[in-house]
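The structure under discussion appears below in the form of structure tokens.
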Amino acid sequence: MTVALRARHVHCGRMRPMIVRHARPLAVAALVVGALLLAVALLSPQPTGMFAGAVLAVLGILQLVNPMLRIDAGEVRVCNPLGMTMKRFAVSSPADLTIDGKVLRHVPSGKKVVAVGFAADKSDVAALRAQLQPQPNA
């Protein structure tokens, strides 16, 4: 019985590390459209299409590889597709974050962290929602 209580106490009040990835269909679409633009641009002498195709293809690859949100025990980091941290928010417990509709908010500051709508992976957002829900006392 003490082992169960100790295990519950370890996770009680702490954020479990996790990532929220970009939505895979959007990343694949960017990659495919970029590859098509590159293929068409190679057949025509216009460098603009080649540049746009390369940018879209690279964006698609980066969205497949890098997460949009990293959650650690003490902070939440919003990352761009290159993997660089754009914003940081200190968190001490799941109560410091809330999801209002499709927006993740930092409760102590009241600021919007990131929109977790169609651009975020649905299974990752569901796991985040489950972590932020208050657990019933058993």
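The values are calculated or read from the model by the stated rules, or taken from the named source; none is laboratory data. The model shown is predicted, which means the values in this text are computed figures rather than measured ones. Neighbour counts are summed over all protein chains in view; Cβ atoms, including those assigned to glycine, are modelled from backbone coordinates with ideal geometry.
Quick check on my filter: what residues within region 118-133 are more than 13 Å from THR98 (Cα to Cα), in contact with a Lys or Arg (Cβ under 7 Å, 6 or more places away or on another chain) and part of a helix (DSSP H, G or I)?
ASP124
If I filter region 122-138 down to residues being surrounded by 13 or more Cβ atoms within 10 Å (Cβ to Cβ) and hydrophobic (A, V, I, L, M, F, W, C), which single residue comes out as farthest from ARG14 (Cα to Cα)?
It comes out as VAL125.
For region 108-121, which residues satisfy the criterion of being surrounded by 14 or more Cβ atoms within 10 Å (Cβ to Cβ) and either out of contact with any Phe, Trp or Tyr (no Cβ under 9 Å at 6 or more places or on another chain) or among the basic types (Lys, Arg) (or both)?
VAL114, VAL116, ALA119, ALA120, ASP121
Considering SER92, SER44, which residue is closer than 21 Å to PRO17 by Cβ and either surrounded by 17 or more Cβ atoms within 10 Å (Cβ to Cβ) or at pLDDT below 90 (or both)?
SER92
Take region 78-104 and flag every residue that is farther than 20 Å from LEU26 by Cβ, among the polar types (S, T, N, Q) and assigned to a loop (DSSP other than H, G, I, E, B).
If the condition is that a residue be farther than 20 Å from LEU26 by Cβ, among the polar types (S, T, N, Q) and assigned to a loop (DSSP other than H, G, I, E, B), then SER92, SER93 are the ones that fit.
PRO94: closer than 19 Å to ALA126 by Cβ, over 16 Å from the mean Cα position of the chain (by Cα) and in contact (Cβ under 8 Å) with a residue 40 or more places away in the chain, yes or no?
yes
Here are the criteria: (1) touching an Asp or Glu at 6+ places or on another chain (Cβ under 9 Å); (2) surrounded by 18 or more Cβ atoms within 10 Å (Cβ to Cβ); (3) at pLDDT 85 or above. Tell me which single one MET15 does not satisfy.
So MET15 meets the others, but not (3).
Being in contact (Cβ under 8 Å) with a residue 40 or more places away in the chain and exposed (fewer than 13 other Cβ atoms within 10 Å of the Cβ) is the requirement here; does ALA73 meet it?
In short, yes.
Please find, among GLY60, GLY53, GLY49, GLY34, the residue that is modelled with pLDDT under 90, surrounded by 15 or more Cβ atoms within 10 Å (Cβ to Cβ) and touching a helix residue (DSSP H, G or I) at 6+ places or on another chain (Cβ under 8 Å).
Only one candidate qualifies: GLY49.
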